[in-house]
Amino acid sequence: MKWFVALMIVCLFALPGFTQSVFIWDADDGDQLTDPLGEGTIGTQYALYRALGALGFSPMTSTVLPPTLSGYDMIFVTTGWYDC
């Protein structure tokens, strides 16, 4: 168990140091919401983009899925939300 925790800590701190390619697919059909931080109207991918940027990543965001995802190390998909 100790080796697993040590490995997770190493990966957590070493990950931003490497050149990781991150892709965010904004597949929410243009859903917008009011930002609680006062940035106005934002897309559902905005908070994820900011969080990854704060961790040292430079994510690529697109509303179109590329023909191949083999060039990316991490892929995130934002699909919006559903109001009941």
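Considering only residues that are in a loop (DSSP other than H, G, I, E, B) and of a type in the set (A, V, I, L, M, F, W, C), which ones fall in segment 53-84?
Answer for segment 53-84, where residues must be in a loop (DSSP other than H, G, I, E, B) and of a type in the set (A, V, I, L, M, F, W, C): LEU55, PHE57, VAL64, LEU65, LEU69, TRP81, CYS84.
Select, from GLN32, GLN45, GLN20, the only residue that is loosely packed, with under 14 Cβ neighbours inside 10 Å, at pLDDT 80 or above and not acidic (Asp, Glu).
Unique residue meeting the criteria: GLN32.
Under 7 Å by Cβ, and 6 or more places apart or on different chains, what pairs join a residue from segment 35-52 that is in a helix (DSSP H, G or I) with one that is modelled with pLDDT of 85 or more and surrounded by 14 or more Cβ atoms within 10 Å (Cβ to Cβ)?
LEU48/ILE24; LEU48/PHE76; LEU48/THR78; TYR49/ILE24; TYR49/PRO59; TYR49/THR61; LEU52/VAL22; LEU52/PRO59
Okay, residues lined up against (1) of a type in the set (Gly, Ala, Ser); (2) touching a helix residue (DSSP H, G or I) at 6+ places or on another chain (Cβ under 6 Å); (3) without any contact (Cβ under 8 Å) to a residue 12 or more places away in the chain:
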{"site": "ALA27", "(1), (2), (3)": "yes, no, no"}
{"site": "LEU55", "(1), (2), (3)": "no, yes, no"}
{"site": "TYR72", "(1), (2), (3)": "no, no, no"}
{"site": "VAL77", "(1), (2), (3)": "no, no, no"}
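The values are calculated or read from the model by the stated rules, or taken from the named source; none is laboratory data. The structure displayed is predicted, hence computed values, not measured ones. Glycine gets a Cβ as well: all are built from the backbone with ideal geometry, and neighbour counts include every protein chain shown.
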